[in-house]
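Undergrad: Structure in structure tokens, see below.
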Amino acid sequence: MSKSNRAHFGTKLGVILASAGSAVGLGNIWRFPYETGNHGGAAFILTYLGCVLILGAPIMIAEFLIGRRSRANTARAYQNLAPGTQWKWVGRMGVLTGFLILGYYSVVAGWTLEYTTQSVTNSFAGQDAEGFIALFGNFVANPWRPVLWMAVFMLATHFIVVRGVERGIEKASKVMMPMLFILLLILVACAVSLPNAGKGMEFLLKPDFSKVDGSVLLGAMGQAFFSLSVGMGCLCTYASYFKPDTNLGRTAFSVAVIDTMVAILAGFIIFPAAFSVGIQPDMGPSLLFITLPNVFQQAFGGLPWLAVLLSVMFYILLALAALTSTISLHEVVTAYLHEEFSMSRRKAAWLVTGGCTFLGVFCSLSLGVGKEYTLFGMTLFDLFDFVTAKIMLPLGGFFISLFAGWYLDKRVLWEEITNRGTLKVQLYRLIVFILKFIAPIGIAFIFINELGLI
Ligand code: PFF
């Protein structure tokens, strides 16, 4: 595709919503609560907020400027801006990261469809916490159902990606994001008024800094990158569809704020609810799927129709939030194949869908029939999650900050961040300083610390 006829997002709001649509997803509502639960609560959240501010948001700006400047998929972007160098490997690693994330993310996305149908048929009625734990356990251990739902989800992603940027991605995000936000607010109100919810609030609000160790730091950094969709060129690919007058700094700031708010809201639903019914906060990936049905039953037990209505709405919106994220992951790999190997978009998209479904089958089975096959003590599902979120994304972020901070001409940074001098960006110097020093040193420190070398 030539530079001039490359697709664009239609409106400013569309730009923010599509980027926020990529950022807001299972990472906020499913992954953030269980990572917070695994790492002891409030102290993790504060560390996470620090990582969003100091690492995530500035690197997001870097991704935006690389994408818009080069107007290409993430691998080509580095070739355009740094021809003849090895920087292209940063882009290629990003494409691989996206492919791997999509492989296991689509499994959890499939679970949201199962829970939607369970809600429609009101099969949660009358269950208690034990019942929900058993229900989830049986479902994931089933060799067929989770795999089928994963495949359905991949196909839905596929067809939206094939429709292209403006018609598919932008339109879908505009309606779904605000609806999800409102429903989350309603659910927070329900969860905090459950009996014993106070213990959950304490868990979220009272930090115990003696708990902050290397694994908390690595977990918080990984979660920040994962949740903001930063470190693999996803937002770089989206920014290649931005218009010249898009304000990159403000867009990054808005996306980071929206994304963080959704995660915190999810925390204020899950923990009050979990403590209320005596569910351990460190249950891992099943936490959301065990806790949430409880909220609906407990809060609306007397009004079954309302319990059904709200839970159906919640799971549909969760599935849609996941969809805007899987679309962005899929798009990274599809744009790469389409533009680099001159194959049609349709063919590229089919290759991605087929490959990720293949990975998804193994990730899904690794939680059930294949549970005993582990590598480094982790199932394939956990391994994919660990390697992508805690290693590949931060490593990508490390190189992106070095690329923007040290390799790119300062004039390029200035032109992109200030839209050729037409915007006054007060934090400009700070952003550049972070990209040059704080982000790479911070990421390196957390890695080295985790390896036990400090
Ligand atoms: N940010 C998404 C979420 O929080 O669910 C997941 C994700 C999407 C990660 C796109 C990385 C990415 F490039």
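All of the numbers you see were taken from the coordinates with simple rules; none came from a lab. Just so you know, these numbers come straight off a predicted model, no measurement behind them. Note that we place each Cβ from the backbone using ideal geometry, even for glycine, and neighbour counts take in every protein chain shown.
Undergrad: Scanning the chain for helices, which whole DSSP H stretches are 27 Å or more long along the axis (Cα) and average -0.5 or more by Kyte-Doolittle? Walk me through the numbers before you get to the answer.
TA: Numbers: long enough: 88-120 (47 Å, 0.60); 145-163 (28 Å, 1.39); 171-192 (33 Å, 2.13); 248-277 (44 Å, 1.76); 304-340 (53 Å, 1.28); 345-365 (30 Å, 0.80).
Taking the DSSP H segments of the chain (at least 27 Å long, mean hydropathy at least -0.5), we get 88-120, 145-163, 171-192, 248-277, 304-340, 345-365.
Undergrad: Specify the longest stretch of the chain that does not include any exposed loop site, a site being one of the trypsin sites (Lys or Arg not before Pro) with a non-H, G, I, E, B DSSP assignment and at most 15 other Cβ atoms within 10 Å.
TA: Details: sites that count: 3, 6, 371, 420, 424.
Longest gap between qualifying sites, sites excluded: 7-370.
Undergrad: Which log10 I(q)/I(0) values, to two decimals, does the range 299-340 give at q = 0.14, 0.32 Å⁻¹ under the Debye formula with one point per Cα?
TA: -0.50, -0.95
Undergrad: In angstroms, what radius of gyration and Dmax does the range 253-325 have, counting Cα atoms only?
TA: 13.5, 42
Undergrad: What dipole magnitude, in Debye to the nearest 20, does the range 292-415 give about its Cα centre under +1 on Lys/Arg Cβ and -1 on Asp/Glu Cβ? The partial results should precede the final answer.
TA: Working: 7 positive and 8 negative charges, 27 e Å.
With Lys and Arg at +1 and Asp and Glu at -1, about 140 debye.
Undergrad: May I ask for the distance between the Cα centers of the range 3-82 and the range 389-454, given as a whole number of Å?
TA: 13
Undergrad: When the gyration tensor of the range 306-440 is built from Cα positions, what are the square roots of 5 times its three eigenvalues, in whole Å, from largest to smallest?
TA: On the way: eigenvalues 261, 92, 82 Å².
In descending order the semi-axes read 36, 21, 20 Å.
Undergrad: How big is D, in µm² s⁻¹, for the chain by Stokes-Einstein at 20 °C and 1.002 mPa s if Rh is the Kirkwood radius over C-alpha pairs? Please report the intermediate quantities before stating the final value.
TA: Working: Rh = 22.0 Å.
The Stokes-Einstein estimate is 97 µm²/s.
Undergrad: Please say if the range 66-139 is rounded, prolate or oblate, where rounded means a/c under 1.5 for a ≥ b ≥ c the square roots of the C-alpha gyration tensor eigenvalues, and otherwise the choice is prolate for a/b larger than b/c and oblate otherwise? Display every interim value, and only then the final one.
TA: Working: a/c = 6.11, a/b = 3.77, b/c = 1.62.
Cα axes put the range 66-139 in the prolate bin.
Undergrad: Hey, which lysines would be in cross-link range of residue 12, C-alpha to C-alpha under 28 Å, not counting anything within fewer than 8 residues on its own chain?
TA: Once the sequence-local lysines are set aside, what remains near residue 12 is 3, 171, 174, 243, 410, 424.
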